[in-house]
1. Got a sec to turn the phi values of segment A:155-171 into Karplus ³J(HN,Hα) couplings, 6.51 cos²θ - 1.76 cosθ + 1.60 with θ = phi - 60°, whole Hz, x for Gly and Pro?
2. Please turn the phi angles of segment A:43-52 into ³J(HN,Hα) values with the Karplus equation 6.51 cos²θ - 1.76 cosθ + 1.60 (θ = phi - 60°), one per residue in order, whole Hz, x for glycine and proline.
3. Search the structure for amide H atoms under 5 Å from the amide H of residue A:52, placed 1.01 Å from N in the peptide plane, and list their residues when 5 or more places away or on another chain.
4. Just to be sure I understand: if I project the alpha-carbon convex hull of segment A:27-166 onto a plane and average over all orientations, what area do I get in nm²?
5. How many lysine pairs are close in chain A, with Cα atoms under 18 Å apart and the two 8 or more places apart or on different chains?
6. Over segment A:215-325, what relative contact order in percent results from Cα pairs under 8 Å that are six or more residues apart?
7. Please determine, in degrees from 0 to 90 and to the nearest 10, the orientation of helix A:389-406 with respect to the longest principal axis defined by the Cα atoms of chain A, where the helix direction is its Cα long axis.
8. Write down Rg/Rh for segment A:312-383, rounded to two decimals, with Rg from the C-alpha atoms and Rh from the Kirkwood relation over Cα pairs.
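The values are calculated or read from the model by the stated rules, or taken from the named source; none is laboratory data. What you see is a predicted model, and the numbers here were worked out from it, not measured in a lab. Heads up: the accessible areas ignore ligands, DNA and RNA and are worked out on the full protein's heavy atoms, side chains in. Shrake-Rupley method; radii C 1.70, N 1.55, O 1.52, S 1.80 Å.
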Amino acid sequence: MASRLADPRLGVPRAGTSEALAGAASGSEVGPVAPADPVIVDFSSPNIAKEMHVGHLRSTIIGDALARVLEFRGHPVLRLNHVGDWGTQFGMLITHLKQVAPQALTTADAVDLGDLVAFYRQAKARFDADEAFQTTAREEVVRLQSGDPVSRRAWQLLCEQSRREFQAIYDRLDIRLNERGESFYNPYLEAVVADLDASGLLVQDDGAQCVFLEGVSGKEGKPLPVIVRKTDGGFNYATTDLAAIRYRFADSPAGDGARRVIYVTDAGQASHFAGVFQVARRAGWIPAGSRLEHVPFGLVQGEDGKKLKTRSGDTVRLKDLLDEAVERCEADLRRRLAEEGRAESEEFIRHVATTVGLAAVKYADLSQNRTTNYQFSFDRMLALQGNTAPYLLYAVVRIAGIARKGGDVVTDSDQPLQFSEPQEWALVRQLLDFDAVIAAVEDELLPNRLCAYLFELSQVFNRFYDQVPVLKAPPQARESRLALCRLSADTLKLGLGLLGIPTLERM
RNA sequence: GGGGCUGUAGCUCAGCCGGAUAGAGCGACGGUUUCCUAAACCGUAGGUCGUGGGUUCGAGUCCCGCCAGCCCCGCCA
């Protein structure tokens, strides 16, 4: 306990160092310290010219939390936003815009993202219905991919427009990401196919170039192919994903030199990644001892158990969803303040509502085992009791209240800590589990384990708070209890921080 | 047709790679406030772990069959 109080890392060893000794001294059993291998977390990944929706929310929140945990453990983490900024869709969109809104392709800010989404929809409809349009669109893709300046400029404008919109969301959620879209891998696609050919994996089938998968059979018992070059000579997303894997594991400067690559996408892509991973492995692109992992998550469903939609049947925009969470939170806070006769500044109310609202959205998502579908409910996530963000944040607030009224805790007190009550021991036991939980999350990539731990910690703390006096305790017990409070607060703040959730002093 | 995921209390979910009487929250019912924010705490009721077999000293957990829901399956990403 004493060593934890003096340790800003709360007993979690940093990978690749000998801090495991410190962990052992405090009685933890984290096991051998992993080397500080470079890790890539590929997450969020929205598509240009489309709006972010709840599907991106899960990837963004889970990916960010995993990246934070891995960073905290001492790994150099590259957070990659593999945005959909390449491919047939741009042929469609640019062709359509050239005809109906050419200014959008030459002038910045001529259209906003909402317009783009509408244009995209129109373009897609024409593409599906009109063969001539389809041909023109495909030609446009070829022009873009071969670097035609007019196409290139149009593409850049579209990307910038979308990028600003995405960034607003990321800023709001405090998410750091490096954009490296599909287009980045364009120069490597030829080499990928050449490599596969050289290793004898490439097979010409039905006009397309494929690699046939081992152990996976499709219709009529034929092996399932991964198509890396289409009949028309173009590449597709599998080629891009392969190029990305190859680049990410390749040593610098021709690559990222990663030793663990993590993809946070919906579970629907599981078989796609399984196929692509197998091809990459057989091509010899994955160094021995490296980990290549798909971190799948389930669908976000409405309370009816179906895919989440607005009342009018549209997909829910992420921005609207976050707004509503904050608005509901603010309304609830104002009602509560009125009931309690508390007067708080507008700034306080806005700050608390924003923090709690966004925390609730994040926590609701992270606290579930990601592999299952997840039922989205404002009422449940904003509930003040139960396994929710407000409950955890409230525990932190209670401790802050003690600190305000009880002064500072002496960090290097000569007095040995003394505990007598079962509630104290329960809290001690829970606090000492923190490092093992972090190690488990690092290994299993399941943020809900950390959530469950923090919820239990809050419960144990609330019991302690309710049943054991702190400030009114006799001097020696008081010091020990204040130390428990401080370590509880530190653990909650650090743990929530690793989930991307900031805490409050008052709420 | 092939493959994947899921099925645990009325509801939403845990259950950490088999180990003791299956856990939590919500909801229901009943309590607690001259005291550090009651956004809390305490208690009661509620489950043949989808189903049928098998492996094991021991299965919610592993294997097989079946049923139900969702998702994926050659040139979209």
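1. Coupling constants for segment A:155-171: 4, 4, 4, 4, 5, 4, 4, 5, 4, 4, 5, 4, 4, 4, 5, 4, 4 Hz.
2. 8, 6, 6, x, 9, 4, 6, 10, 8, 6
3. Amide H to amide H, under 5 Å and 5 or more residues apart or across chains, residue A:52 pairs with A:318.
4. Details: hull surface 44.4 nm².
Answer in nm², one decimal: 11.1.
5. Final tally of qualifying lysine pairs is 9.
6. Details: 108 pairs, mean separation 21.1, N = 111.
In percent, rounded to a whole number, it is 19.
7. Value to nearest ten degrees: 40.
8. Details: Rg = 14.0 Å, Rh = 13.4 Å.
Rg divided by Rh gives 1.05.
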